[in-house]
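> Sharing a structure, written as structure tokens. Questions coming.
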Amino acid sequence: MKKYQVAIIGTNIGAKHFEDFKKVSDRFNVHTICGLTRDSIDKILHSNTETEVSLNFDDVLKVKEIDIIDICLPPHLHFSACKKALEAGKHVICEKPLVSSLKEIDELERISKKTGKIIFPVFQYRYGLGFSKLKALIKSGLAGKPLVASLETHWNRSKDYYSKPWRGTWEGEQGGAILSHSIHIHDLVSMILGPVSNIFAKLTTRVNDIEVEDCAALSIEMENGTLVTSSITLGAANDTSRLRFCFEGLTAESGASPEKPYNPADDNWTFLARAPYTQHNINNILSEVKHSKSWYAGMFNEIANKLDGLDSDEVTLIDARKSLEFVTAVYNSSRNNTVVSLPIKKNNPLYNSWLLNN
């Protein structure tokens with residue numbers, strides 16, 4: 001199988017991408033890291049001398065050997081960077097949020113189809129043993145009808161976090177806790193329970209002196225009738241993420257470990273039977289679930305499967321669009337104090353942008 005050559009653009013979250021690319025080194029090679037300064041790149045590479053260093057994005061796009069551009073830049077740069085990479089004939093991996101409006105994602109879809117290059121949005125929370133087990137139980141039929149779910153994104157973000165001038169602003173971060181912090185957990189709900197039907201949202205800023213929201217409470221109804229609540233704050237004492245799904249046949253709950261706030265799929269999940277199913281039935285299914293690569297490495301592995309023409313479970317552009325449709329509906333609901341139904345149509349006032357200044 002081909003080993004894909006990758007260029008990582010950005011040295012903040014890009015450092016984590018670099019570490020997980022090494023876990024799938026049989027399928028990927030990080031050809032280049034591009035950043036603003038040599039020092040920021042050297043901190044990632046350490047003694048690695050095989051990876052090229054660049055301080056110019058346009059120069060990286062000209063390198064024929066590079067197959068994939070991995071965009072790890074601040075959110076307001078995502079659209080332009082994705083567009084340039086696609087038009088340069090490269091596949092694209094891009095951190096969340098992929099872009100800052102439904103209009104932009106629809107434009108990227110058009111460019112992707114025109115160039116024949118694929119965009120792989122980043123939702124690394126999907127990959128890990130916990131969700132593999134939950135999906136296996138659902139597939140087996142033991143879970144039964146979903147009833148309700150609850151989500152907690154309770155993290156701690158102080159003034160130090162917002163020392164980067166682009167953070168906490170509409171122009172730089174493009175949104176607050178809904179966009180930058182809880183976007184993953186809401187993606188997971190759609191992954192498990194299917195499409196969202198409608199949302200009622202309350203957003204506020206209570207923790208830091210910033211432009212965007214840092215606390216939220218959401219009431220969500222799924223198309224299959226499941227009711228979901230989501231509680232979000234950046235003012236917790238530590239960082240915890242918790243998911244709880246109540247099905248007619250079992251209850252599934254993540255561990256909410258402070259050690260794994262950004263990797264709930266690898267937390268210690270519990271799966272408790274509800275009559276008429278027994279714990280023995282559930283444990284039999286769980287015993288057959290195999291360990292697989294998790295977090296970014298799991299996501300990268302599925303990207304390689306897709307590019308190799310194999311069965312794959314990669315994050316798609318459709319998944320990213322659903323996520324941004326959710327974000328659009330949340331901002332629309334909060335600002336108008338009303339329930340907003342999905343899908344979001346082009347005549348919605350926030351289709352072109354949810355930014356307050358637009």
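The values are calculated or read from the model by the stated rules, or taken from the named source; none is laboratory data. Quantities reported herein were computed from a predicted structural model and do not represent experimental measurements. A quick note on method: Cβ atoms are made from the backbone with ideal geometry, for glycine too, and the neighbour counts reach across all protein chains shown.
> Look through region 122-165, keep the residues that are among the aromatic types (Phe, Trp, Tyr) and touching a helix residue (DSSP H, G or I) at 6+ places or on another chain (Cβ under 7 Å), and return whichever of them is nearest to Pro75 (Cα to Cα).
Across region 122-165, the extreme among qualifying residues is Phe123.
> Return yes or no: is Leu137 at pLDDT 95 or above, over 18 Å from the mean Cα position of the chain (by Cα) and not polar (S, T, N, Q)?
It is true that Leu137 is at pLDDT 95 or above, over 18 Å from the mean Cα position of the chain (by Cα) and not polar (S, T, N, Q).
> Whether any residue in region 286-296 is assigned to a loop (DSSP other than H, G, I, E, B), more than 24 Å from the chain's Cα centre (by Cα) and either without any contact (Cβ under 8 Å) to a residue 60 or more places away in the chain or over 30 Å from Ser333 (Cβ atoms) (or both) is what I want to check.
Yes, there is a match, as at least one residue in region 286-296 is assigned to a loop (DSSP other than H, G, I, E, B), more than 24 Å from the chain's Cα centre (by Cα) and either without any contact (Cβ under 8 Å) to a residue 60 or more places away in the chain or over 30 Å from Ser333 (Cβ atoms) (or both).
> May I pose another question? For region 275-290, enumerate the residues that are out of contact with any strand residue (DSSP E or B) (no Cβ under 6 Å at 6 or more places or on another chain) and surrounded by 14 or more Cβ atoms within 10 Å (Cβ to Cβ).
From region 275-290, those out of contact with any strand residue (DSSP E or B) (no Cβ under 6 Å at 6 or more places or on another chain) are 275-278, 280-281, 283-290; that's our starting set.
Selection gives Tyr277, Asn281, Ile285, Leu286, Val289.
> Next question. For residues that are buried (at least 21 other Cβ atoms within 10 Å of the Cβ) and within 17 Å of Tyr125 (Cα to Cα), scanning just region 241-256, find the one that is farthest from the chain's Cα centre (by Cα).
Ala252
> Then there's this: Is at least one residue of region 316-336 in a loop (DSSP other than H, G, I, E, B), in contact with a strand residue (DSSP E or B) (Cβ under 8 Å, 6 or more places away or on another chain) and touching a residue at least 24 places away in the same chain (Cβ under 8 Å)? So that I can check it myself, show each step before the final result.
Step one: of region 316-336, the residues in a loop (DSSP other than H, G, I, E, B) are 316.
Cutting the leftovers down to in contact with a strand residue (DSSP E or B) (Cβ under 8 Å, 6 or more places away or on another chain) gives us 316.
Checking the rest, the ones that are also touching a residue at least 24 places away in the same chain (Cβ under 8 Å) come to 316.
Yes, there is a match, as at least one residue in region 316-336 is in a loop (DSSP other than H, G, I, E, B), in contact with a strand residue (DSSP E or B) (Cβ under 8 Å, 6 or more places away or on another chain) and touching a residue at least 24 places away in the same chain (Cβ under 8 Å).
> Right, here's the next one. For Leu307, indicate whether it is outside the structural domain of Asn198 (by TED's automatic domain parsing) and either touching a Lys or Arg at 6+ places or on another chain (Cβ under 9 Å) or of a type in the set (Asp, Glu) (or both).
Judged against the criteria, Leu307 is a match.
> Right, another one. Any idea which residue in region 291-319 is surrounded by the most Cβ atoms within 10 Å (Cβ to Cβ), counting only those that are more than 18 Å from Ala7 (Cα to Cα) and of a type in the set (Ser, Thr, Tyr)?
Ser294
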